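Report on the following structure.
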Amino acid sequence: MLPTSFGRPSERFRRPEGRSAFSLVEVVLVLVILAVVGGAAAARLGSPTQNARLDAAAKRLTADMAMARRAARTGSTTVRVRFNEGGVSYRMANVPHPLTGVAGYGVDLSRNPYRVGLAVVDDNGDSAVEFNARGGADAPVTIILQSARRQRGFRIDATGVMTELPPQAIPIVPPAEGEQVMVLP
């Protein structure tokens, strides 16, 4: 058998005599790799929660606007949905709460399980939509739900029909003068 310069496998990976631990460079390199992988994993894990909250808020808003429109049509009356100026809630004064039956049904989207912001672009500037006895709206309204990284937009047209806007059609809503922007986690 001819001698080789490679040596036996156990000899190739053996540490030099007197060296019994990892070097500082090796330890730092491993820590940097773990930090990068951990940061990427944390970013991925936070996003599904925000998406689920935004989706739940969108379903709630859609159901509530349909309920307000239905209440106006079945009661042959006007139902006004008022969005607060802080951008977190809406209220229907003459619609009873579905569970308690008490008039003055309202939803605060800044609380659990939603924790999203709300922006309203109203063509007549009163931060409200009014459904008439035929189910039509007083003016077209755009409603935007916002989480930290994502948003969903909805448009209620003059006939009272609510449709979801594609992402590129959602308007950018600057804060009003003196209004602070609220970013929710």
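The values are calculated or read from the model by the stated rules, or taken from the named source; none is laboratory data. Everything quoted here is computed from the prediction, not taken from an experiment. Heads up, the Cβs are rebuilt from the backbone with ideal geometry, glycines too, and the neighbour counts pull from every protein chain shown.
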>> Looking at Ser147, Ser127, can you tell me which residue is within 18 Å of Arg82 (Cβ to Cβ) and at pLDDT below 90?
In response: Ser127
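Rundown of residues vs (1) surrounded by 12 or more Cβ atoms within 10 Å (Cβ to Cβ); (2) touching a Pro at 6+ places or on another chain (Cβ under 8 Å); (3) polar (S, T, N, Q), yes/no style:
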residue: Gly75; (1), (2), (3): yes, no, no
residue: Arg80; (1), (2), (3): yes, no, no
residue: Asn84; (1), (2), (3): yes, no, yes
residue: Val95; (1), (2), (3): yes, no, no
residue: Arg115; (1), (2), (3): yes, yes, no
> Quick one: how many residues across the range 140-151 are part of a loop (DSSP other than H, G, I, E, B) and either at positive phi or surrounded by fewer than 21 Cβ atoms within 10 Å (Cβ to Cβ) (or both)?
Replying inline: 4
> Of the residues Val121, Val95, which single one is assigned to a strand (DSSP E or B), over 17 Å from Ala58 (Cα atoms) and touching a strand residue (DSSP E or B) at 6+ places or on another chain (Cβ under 8 Å)?
Replying inline: Val95
> Any idea which of (1) surrounded by fewer than 16 Cβ atoms within 10 Å (Cβ to Cβ); (2) at pLDDT 90 or above; (3) assigned to a loop (DSSP other than H, G, I, E, B) is the one Gly160 doesn't satisfy?
Replying inline: (1)
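Whether any residue in the range 102-111 is aromatic (Phe, Trp, Tyr), in contact with a strand residue (DSSP E or B) (Cβ under 7 Å, 6 or more places away or on another chain) and either assigned to a loop (DSSP other than H, G, I, E, B) or surrounded by fewer than 21 Cβ atoms within 10 Å (Cβ to Cβ) (or both) is what I want to check. Break it down into steps so the answer makes sense when it comes.
From the range 102-111, those aromatic (Phe, Trp, Tyr) are 105; that's our starting set.
If we keep only those that are in contact with a strand residue (DSSP E or B) (Cβ under 7 Å, 6 or more places away or on another chain) too, we end up with 105.
Within this subset, residues satisfying the condition of being either assigned to a loop (DSSP other than H, G, I, E, B) or surrounded by fewer than 21 Cβ atoms within 10 Å (Cβ to Cβ) (or both) are none.
The answer is no; no qualifying residue exists.
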> Among Ala169, Ala137, Ala133, which is the only one that is surrounded by 15 or more Cβ atoms within 10 Å (Cβ to Cβ) and among the small types (Gly, Ala, Ser)?
Replying inline: Ala137
>> Residues to consider are Ala68, Ala119; find the one that is at pLDDT 85 or above, in contact with a Phe, Trp or Tyr (Cβ under 6 Å, 6 or more places away or on another chain) and buried (at least 19 other Cβ atoms within 10 Å of the Cβ).
In response: Ala68
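Provide a single number: the residues in the range 147-170 that are in contact (Cβ under 8 Å) with a residue 60 or more places away in the chain and either among the small types (Gly, Ala, Ser) or under 21 Å from Gly106 (Cβ atoms) (or both).
7
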